[in-house]
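The next block holds one structure in the form of structure tokens; read it before the comments.
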Amino acid sequence: MIGSILISGLLVLQGIRPAPEIEQGLLAAGTGFETTVHVTYGDEPGPTVMVIGGVHGNEPAGAEAAGAIACWTIGRGRLIVIPRANVPALDAKTRRIPGLEGDEGDLNRHFPIDPEIDFGSEYGAELWSFIEEREPDWIIDLHEGYDYRERNPDSVGNTIIACDEPEVLAASTLMLESVNATREEGSASFLQLRNPVRGSIVRAACARLDVLGMILETTKKNQPVSFRARQHRIMVHRLLQHLEMQPCDKDRILPHVDAADEFVHVALYDGPGANATAFATLLAGDARFRTRRIGPEAIRNGALDNADILIVPGGSGSRQGRGLGAGGREAIRTFVETGGEYIGACAGAYLGSVTYDWSLGIVDVEVIDRKHWKRGSGIVDVEWMKPGSDQPDLGDGTTGIRYANGPVFAPAHRDEIQDYEVLGVYRSEIALNGAPTGVMPGTPAVIMGSWGDGRAILLSPHLESVQSDPETRRNLLELLPWLAGISPPGSSPESDQ
Ligand SMILES: [Zn+2]
């Protein structure tokens, strides 16, 4: 029922509304499809644009981008965003609603053009009622293809599928120009297609409600989620500019820090050389975190401004450092220097050291025995140090942690950087591929350093891995609100200091 839309923040109606205002409500409350709707108002009247993400659960960039767009401010008009339109499919990471086959399971086939035909599901009908009630001028539905249309005519990846209306075609041409301008040499262009598929939200809205609509399709193939989500943001941003809605920067991916909400704002790096899957899995479903994937372009463009914590996961440190470029690395150094917190795991720990021309140099630590960096992988013993009052608690005694070619640390003794603190020590080792034995044991596995007003925690092994001790993984999760200065539930307040 449409009555299940609960818009909070009604207080603002009592007086002068501080602009711009963002309200949230629930669609399909109490059902398995329950999902948050974000409404942002500009100061001035103007068009209403609705952005939908996550209709297909195996197309994560749409939901990721819509989650970021839900944090945007506008000067004019109204922006309605449903980032996770198909929660059961997103949770299952499947195109279809789990347990349903064919068009029955495909939410984007539930919207008939003919008013005489029933909607494909109760939820589809509810979503439709919401759209009808909110009377958007534009609907933009964010999707992904499996391959580049330019190279594979069977896929719709890298296209805008526009309703056949002059206004839509004109706007989509501008959006294509804008996203194609960011294209690297040799990569596929975005193309314009027409006539969204029958049964889709956009096709039905164009046909039945006179809404101007289009489906934006990025391409999943060999591109990080952050990159694809940024392409979605670029296209939506260009539309809002075209409609003179005065959107904030396209690389705002988290709510403004002034919003001072109780959430921990986490930027999870998934650019070149980074594998963010394990951290994404660890953070998913924990309501304390607002996690967004971030790539080098957004970092260089100031997107860390609204983050509490940057996590750089495993992968390849050199590829990460080089992918960030000097500008990206400097943006991270400034982020930490001005109070941001950094967590680097394995490759991200190499990145945090002072050792390489591509490293960040924010922790006073050297990587040693570099010749044998490929020491192998497996479970190693890590002994946790008893934490001081200003240190995080990662565990008691010794636990088994997943290790995969992580850095072996020693103090770098740089005068300009404060000495690090040791939070955990290796008590066993892996020494394959010609690595000498006896090097790893006794060296720090986890360290914490200060850089300006922020801190950096470097994890040589993969605490986030499902193969690591479950309690350590839980402690790692608690580290985030601790770093962000938000006390975990049930912990004593900091007033005893
Ligand atoms: Zn799709």
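The values are calculated or read from the model by the stated rules, or taken from the named source; none is laboratory data. Keep in mind the model is a prediction, meaning the values are calculated, not measured. Cβ sites come from the backbone with ideal geometry, for glycine too, and all protein chains shown count toward neighbours. In case anyone asks, the SASA skips ligands and DNA or RNA and just uses the protein heavy atoms, side chains included. Shrake-Rupley method; radii C 1.70, N 1.55, O 1.52, S 1.80 Å.
A few remarks follow.
- Put LEU127, LEU432 in order of accessible area, highest first, and with a 1.4 Å probe you get LEU432, LEU127.
- Net lengthening on full extension, GLN192/ASP164 (0.36 nm per residue, minus Cα-Cα): 9.0 nm
- Rounded to the nearest 0.05, the FRET efficiency derived from the C-beta distance between ARG319 and GLU150 at R0 = 41 Å is 0.95.
- Only protein heavy atoms count here; on that basis, with a 1.4 Å probe, LYS374 has an accessible area of about 110 Å².
- In this structure the chain gives 42 Å² per residue of accessible area when probed at 1.4 Å with all protein chains present.
- Note on the chain: antiparallel DSSP beta bridges, both residues inside, total approximately 50 percent of the bridges counted.
- Every Cα-Cα pair in the chain was counted, and those over 35 Å apart are 37% of them.
- Prolate/oblate/rounded call for the range 391-436, Cα gyration tensor, a/c under 1.5 rounded: oblate
- When the solvent-accessible area of the range 2-242 is split by element, carbon and sulfur atoms take up 48 percent of it, the probe being 1.4 Å.
- Shape of the range 193-252, Cα gyration tensor, a/c cut at 1.5: oblate
- Rounded tilt (10° steps) of 122-134 against the dominant C-alpha axis of the chain: 70 degrees
- Packing, as the average of other Cβ atoms within 10 Å across residues, places the peptides 465-476, 402-413, 292-303, 38-49 in the order 292-303, 402-413, 38-49, 465-476, highest first.
- Hydrodynamic radius of the range 349-497 per Kirkwood, over alpha carbon pairs, in Å: 15.9 Å
- When Rg and Dmax are taken over the Cα atoms of the range 107-241, they come to 15.1, 49 Å.
- Peptides ranked, highest mean first, by Cβ atoms within 10 Å: ranges 273-279, 167-173, 136-142, 95-101: 136-142, 273-279, 167-173, 95-101
- Pairwise FRET efficiency - LYS93 versus GLU416, Cβ, R0 = 41 Å, nearest 0.05: 0.35
- Dimensions (Å) - the range 257-486, Cα atoms, principal axes, largest first: 50, 36, 33
- Packing-based order for 341-351, 419-429, using average beta carbon neighbours within 10 Å, highest first: 341-351, 419-429
- Nearest-ten-degree value, helix 166-180 long axis tilted from longest Cα axis of the chain: 20 degrees
- Contour excess over end-to-end distance, with Cα ends at ASP369 and GLU185 and 0.36 nm allotted per residue: 62.5 nm
- Cβ screening of the chain for cysteine pairs under 4.7 Å finds these without a partner: CYS71, CYS248, CYS346.
- If the segment from ILE486 to GLN391 were pulled out straight at 0.36 nm per residue, it would be longer than the present Cα-Cα gap by 32.8 nm.
- Computed P(r) (all Cα pairs; the range 2-242; 10 Å bins; percent): 8, 33, 38, 17, 3, 0
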